[in-house]
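Q: The structure that follows is given in the form of structure tokens.
The values are calculated or read from the model by the stated rules, or taken from the named source; none is laboratory data. It should be emphasised that the depicted structure is a prediction, and the values quoted were computed from it without experimental measurement. Counting neighbours? That spans all protein chains shown, and the Cβs are built from the backbone with ideal geometry, glycine included. Surface accessibility is based on the protein's heavy atoms, side chains included, excluding ligands, DNA and RNA. Shrake-Rupley method; radii C 1.70, N 1.55, O 1.52, S 1.80 Å.
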Amino acid sequence: MARTRVSRTAGGEARTDARARAVGRPKRPEIGLPVLRPHEEAGLSPDGDYDGVGFTDLDLSGADGAGATFLDCGLYRCALDEAQLERARFIDTVAEGVWGVGTGLARAEIRDVELADARLGGTQLHGARLTRVLVRGGKIDFLNLRQSTLKDVTFEGCVLIEPDFSGASL
């Protein structure tokens, strides 16, 4: 499939760029989680290091995990209301059935992640980098992706209500 670039002149007229490039299918994340050990601490720690940890049926509302790294983790049925996860890194991670309002993920790095059946509202992902991310099912209201970079991101069978991609690189 070839894509032709269309730009606008100063007068608003459409102009077709003769250069066409092939656009392939997005690469999907390939996640093979190890056996996860349960998260036993209360909440999260700023700049924490979570490697091979399973977060299951936890209330992480208001938790401060800014700058934390989640590597080979699983988040299952966790509440994330007002959780502060700015600059956090989620790599080779699965999140299923998470929910929350006002989750702060500004400037986060999200790479090789699958988000399934989430119920999120007002999630702040501005300035974030998303690479090989699959968002499957669920509903996300007022997703802020301003100035973010999305590469190989797939939204599949999910409901997005008023997402904001202003200034984002897609």
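Q: Using the eigenvalues of the Cα gyration tensor, what equivalent ellipsoid semi-axes result for the chain when each is taken as the square root of five times the eigenvalue, whole Å, largest first?
A: Equivalent ellipsoid of the chain: 33, 17, 14 Å, largest first.
Q: Choose one of 125, 56, 73: the residue whose Cα lies farthest towards the positive end of the charge dipole of segment 47-170 (beta-carbon charges +1 Lys, Arg; -1 Asp, Glu; about the Cα centre).
A: Of the candidates, 125 comes out farthest on the positive side.
Q: What accessible area per residue, rounded to a whole number of Å², is obtained for segment 44-155 using a probe radius of 1.4 Å? Intermediate results must be reported in sequence, preceding the final value.
A: Values: 4420 Å² over 112 residues.
Accessible surface, normalised per residue, equals 39 Å².
Q: Can you say what percent of the DSSP beta bridges in the chain, counting only those with both residues inside, are antiparallel? Round to 5.
A: Beta bridges within the chain, antiparallel portion: roughly 10 percent.
Q: Counting only protein heavy atoms, what percent of the accessible surface of the chain is carbon or sulfur at a 1.4 Å probe?
A: Numbers: 4540 of 9430 Å².
The C+S portion of the solvent-accessible surface of the chain is 48 percent.
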